[in-house]
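Read through the structure below, which is laid out as structure tokens, and then see the notes.
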Amino acid sequence: MNLFSWTFLAPAALVGFMGIAIPVYLHLRHKPRAVPLKFAAFEFLLRARRKQKRRFRVEQWILMALRAGVLALLAMIFAQPFRDELFQTNSSLNRRPYIVVLDNSLSMLAGQPTCFDEARNTVRDHLKQRDRTAPTALLAASDPELHLASQTASSVEQVLDAVKVTTRRVTLDAAYQRALQLLEDSEWTHATIQIFSDGTRSAWRELPPQPPEGVEVIYTSLRQGPFKNIGITRVSQPQGFDAGELDITLANGSANTSDFIISVVSENEQLTHQLRLDRFQDTTHRFKLSDSSQKITVRVPSDDFALDNQVNFAPDQQSKTRILVVDGDPSPTRRNSESFFFEHALNLHRKENTSIDIETISVNGLKSADLSEYDAICLLNVSTPPTEQLAQLVSVPAGILISMGERMDFDAWNPFLLQLGLEVFEAKRFDRPQAVEISVGDHPLFEGMPIADLELYAQGIGIQAYRLMSVGRSNFSIPLSLFDGSPLLVAKELEGRRYVLWTSTMDLGWTDFPLQPGYLPIVRKITDYLSFKDAKAQSDTLPVDDALRLGLMDQLVLQEAQEGYADVPVTGPIPGIYTRRDSQNAQLTHLVIDPAELDFRPIKDQVEGSPASAMEELGFKEFSRLDLAPNLLWWLFGFVLIETWIAGRLSLKWGSR
Amino acid sequence: MKQKAFLDPEVLAGIKNLVVRARTVVEGALVGEHVSPFRGGSIEFAQHRPYTPGDELRYIDWRLLARTDQLHVKQFEVTTNLRAYLLVDASGSMAYPESASLSKYSYASLLASALAYVLIQQSDAVSLCTNEPDGVRYLPPRSQIAYLKQILSLLDQHAPQGEEGVMALVRHVQDRVSHRSLIILMSDFFVDLDQLNQRIKYLRGRGHDLMVFQVIHPDEVAFPFQRFYEFHCMETPETLTADGRSIRDHYLEAFQEHQDKLKDIMRQAGVDFTSVTTDQPPDRVLARHLNQPHRAQKLRKMY
């Protein structure tokens, strides 16, 4: 209804204009001044007045309270009160374009009933309230394009049950962007996008952009109250340690510090341990079982998110890493040999039952050795290349280290090295030690190596002599070089084998390098690289999404699904124990939930020092804001009406006061 | 039976001469079967009348009984020593209503005049006591016919005003009346009833006979006021603004409490009490009061 340029949402309220008749009536009805009258029985009037005054006081109190109420209501109306309520579609919005962005990540299965079920039920309720042909769309976070063919409320309702939770790591970013794109493509104006999420920070990869003009974004967090979640994010075997040892990483995804008991159960043994974990913290604990079982179950108490409370783990039963060290310059005094320090660096601090097996032989011993048994062959200062023996090396993967020392005959080596694209020249000497330039780049050899260890290496080496190497067009990487770029260590993977040439300086004039702290991590990194430890570790325990990204799922065969997935309809790889089809040694792969899904840190905490949440800062509404002023106006109207009635009645009774 | 017609108070009020008004009232009151209650003991024989149970045996005419074999009692002409004191309240409240209609004072004056007329006609001595702005106006008891005119003149000319009312009159008279007398009080009795009770008991203790007429206006009984009024007290400068309708119930309640208490006081004191409104015919009021058997018996006992 229009009056001048005004629009009334509730024109029925104009009936209230009839109320104007009341003051008009009172005005006309209002009595003139009291008629003077001399009256004899005045004493009785005084007595009557005394009785009447008691009632008058009560009426005056009511009148005063009403007037105070009127003023209070006026103040509140001017203060524009509002209340945030969960968004509900209603009759005024049932034709407005409505896009549902549904988070179907694994964390939506938290709670009982689960956030995902609640989200679907809420969406279904909203859709039922809408016009059946109203423009509507449903975008699942895992695949925003999947249900875009349905663009009416009724068709979206039909496909709603087809949306399932995925084990993949998904965020809402793509679906939200697709929703904005859809609005632009469909030319839907004044639309509502409602995002259903568990309200966690991990639901977004990055904060979404602000909605455009005319688009209302309702951010509905299905999580009611704080979740309690202690989750097992990773179970793995530490490299180079006992087979019975496990590294278990736990995360407290809830907002409170939690005390809990973790139990590690094998076929013959059970370990329990009391732990405390601060809010949103994770920790890794190492457990050692006395026996090496085929299957170990790690369990924490059940909580709001059940899928991360138990992990079954099959320890790696693979044989030890075998390393053959060929000492090209053996000394009668063991400590004068490079192999002594090399071997010592690999074994230092390792326990008896170590996962690495080192065998040291002389060059002559090569003739009788079966090189195919070893994962890595380290040729230390060998004068001539054992070409025939290396040709028999059939083990793949395997690695060869050529440590170039004083005794190395580069003329004999070069034919062999030229096959790899390398060439070695004579040794070069400096007058004084030269600094080492460490260019780690992104080479896997130094991946995961603490920067402190690299700094130790750089400080510990004082280069006085080295072999000149030319990598030419061989595509060898140069992880270590001198300040002028001269290679100190080159590495390359070729046809399933890894090669490392290292001018160790040890035999190019004796230095104290092997006694420096930086020597040990470098040697271990080299042998790990040569024995393909990184590749094996990659397939050991990894999140579902990483397995998908690496294209491993075609090679994996599920042996045992993790607990809790049997009754849950999910899409994507099921977390559990897998075997690889192409693995010669039946290596196991453990797929786990992405740790981000276990983090229930609310996104509301993201903006510090601001009363608004991160979503509100972006213009998202977490609730429908209900303006209370119109309701208060009705109260005010009622108060004024009652006050007028009582005041009028008192005026009639008492005259002018 | 012919309907008895009584005198309209308004019509009476139109009669300017109070003597005429008094005589009119008296004649109206004593017409027909009514007998003066003041006819009592006398030394001069007047007439015989048939004996009725209750008559004193000493007045039976034994000779006439012997002759006629019928019981007759002798009646004598009045030669009385009765002293009647008329106390007419002339306080401000008695002036209600101030309009042209009959005020309470006018009505009380009419009753007092009629009684004075009757009493003086019977040679009783009549005294008048009424309020004046500066005190109490007192006319001592006299029985001359000419004195009646003086009494009526004083009543007629006097205008009620001031706070002093019937209590002042009683206080004035109580120490001046030595013999047992008839004391007639006429007031609206809007006074402190506890004090009034003490005075009434005192007078009764002195052996006086009391006739009490409460004269009130119909407005004071029914409280018919329907508008806003600024009520002014007729004796003090006090005012009260109120809506007649809202205060009526409480007023009537307070008024009825007062009336009940007043009647109770009078009943306990053995006082002839009559509450009249100014719209009642005065001759009827007078007749009803004077011809009560109770009143007649008392008068005969006294004289």
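We did not get these values from a lab; they are worked out from the coordinates using the rules stated. Please read these numbers as outputs of a predicted model, since none were measured by experiment.
When every Cα-Cα distance of region A:137-214 is counted in 10 angstrom steps from zero, the calculated P(r) takes the values 17, 51, 30, 2 percent.
Note on region B:131-245: Kirkwood hydrodynamic radius from all Cα pairs is 16.8 Å, rounded to one decimal.
Here region A:177-215 and region B:225-291 have alpha carbon centers that stand 87 Å from each other. Couplings for region A:226-236, taken from phi via the Karplus curve 6.51 cos²θ - 1.76 cosθ + 1.60 with θ = phi - 60°, read x, 8, 10, 8, 10, x, 8, 8, 7, 10, 8 Hz in order; Gly and Pro are left as x. Region B:88-280 gives an Rg/Rh value of 0.98, both radii derived from C-alpha positions and Rh following Kirkwood. Under 5 Å from the amide H of A:Ile193 lie the amide H atoms of A:Ile99, A:Glu216, A:Val217, A:Ile218, each residue being 5 or more positions distant or on a separate chain, with H modelled from the backbone and absent for Pro and chain starts. Relative to one another, the C-alpha centroids of region A:118-164 and region A:287-308 are positioned 39 Å apart. Relative contact order of region A:129-188: 33 percent, from C-alpha pairs under 8 Å at least 6 residues apart in sequence. For A:Lys38, the residues 5 or more places off, or on other chains, whose built amide H falls under 5 Å of its own are B:His232. Taking only the alpha carbons of region A:184-291, we obtain Rg and Dmax values of 21.7, 67 Å in that order. Our summary of shape: the Cα atoms of region A:256-350 have principal axis extents of 65, 30, 20 Å, ordered from largest down, in whole angstrom. Backbone amide hydrogens, once placed in the peptide plane, bring A:Thr541 within less than 5 Å of A:His590, excluding anything fewer than 5 places away on its chain. For the residue pairs A:Lys228/A:Lys533; A:Lys38/B:Lys261; A:Lys164/A:Lys228; A:Lys288/A:Lys492; A:Lys164/A:Lys533; A:Lys295/A:Lys533, the C-alpha atoms sit more than 27 angstrom apart in A:Lys228/A:Lys533; A:Lys288/A:Lys492; A:Lys164/A:Lys533.
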